[in-house]
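Everything below concerns the one structure shown next.
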Amino acid sequence: MKNFENIKSQWENRTLPTPPPQGVDEILKKVKNLKQQQRYGQVILLLTVLVLVWFFFYIRAYNVSIVMLGLLMMIGALAVRMGIEYLSGIKRNNLNRSGDALSFRKQLKKYYRNRLWVHYLATPLLYALYTIGFVLLLPSFEESLSRGMYLYVLFSFIPILAVLAWVIIRQIKKELRMLKYLVNDDLQTE
C-alpha cells in the first residue's frame, strides 16, 4: 500500500505544462512565423535552381555528358528539396485550426515527425548529391578555366560549402526548436 501512496503522491506533485497565456493564438503566431521562414527558404532554392538552369544552357552543358550529369544532379537535388518543402507547406496548411487544442497538437506532432524525416534524412542526402554534382564539374572547370580561376573556384567552394552547411544546420535547429516548443513535449509520449 505504501507504493500506491508514493505513486499517488508523485502523480499529484507532477509538473504539468502550462498553456500559453494566449492559447491557440500564440501557437498560430509561431506557425505563421515558421511558414514565413520556410517560404524564404523556398525562394532561395528557386533562385538557385534558376541560376543553375541558366548556367546549364549558357555553357551548353548538354554537349558534355559529365558536365550535364553534374549540373543535373545539382539542379535535381534542389528541385527535390523544393518539392519536399512544397508538400510540407501543403501539409502545414491543412492542419485543422478550428478544432480543439488537443487535436491540433496531435496534428502538429505528426507534422513535426515529418519535418524530422526531412531534416535528418532527406536534407543530408540532397546536400551530398548537390556536392557530388559540383565535384563532377571540377575536371571541366580545370580544363576550360585558367589555372588561377580554377584554383579560385576550387578553394572558394570549400568555405561556401561549409557556410551553406552552417546555414542549413542553423535553420534546421531553429525550426526544430520552434516545432518542439509548439508541440511542448517529448515525441515519445505517444
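The numbers here are math on the coordinates, done by the rules we state, and not lab data. Everything quoted here is computed from the prediction, not taken from an experiment. Methodologically, a virtual Cβ is constructed for each residue, glycine included, from the backbone with ideal geometry; neighbour enumeration extends over all protein chains shown.
Note that the range 115-129 has calculated 3J(HN,Hα) couplings of 5, 4, 4, 4, 6, 9, 10, 5, 4, x, 5, 5, 4, 5, 4 Hz, one per residue in order, obtained from phi through the Karplus relation 6.51 cos²θ - 1.76 cosθ + 1.60 (θ = phi - 60°); glycine and proline are x.
What the phi angles of the range 151-157 give under the Karplus curve with 6.51, -1.76 and 1.60, with θ = phi - 60°, is a coupling list of 5, 4, 4, 4, 7, 7, 5 Hz, glycine and proline written as x.
What is the range 38-144 by shape, rounded, prolate or oblate, if you read a ≥ b ≥ c off the alpha carbon gyration tensor as root eigenvalues and call it rounded for a/c under 1.5, prolate for a/b larger than b/c, and oblate otherwise? Since a/c reaches 1.5 and a/b is larger than b/c, the shape of the range 38-144 is classed as prolate. What the phi angles of the range 61-66 give under the Karplus curve with 6.51, -1.76 and 1.60, with θ = phi - 60°, is a coupling list of 4, 5, 8, 10, 4, 5 Hz, glycine and proline written as x.
With just the Cα atoms defining each centre, how far is the range 64-95 from the range 159-179? Give it in Å. If you average the Cα positions of each part, the centres end up 18 Å apart. The alpha carbon centroids of the range 33-53 and the range 120-152 are separated by 21 Å. In a shell of Cβ-Cβ distance under 15 Å around LEU52, excluding LEU52 itself, what net charge do Lys and Arg (+1) and Asp and Glu (-1) give? That works out to +2.
Ordering of 120-133, 75-88 by packing is 75-88, 120-133, highest average first (other Cβ atoms within 10 Å, averaged per residue).
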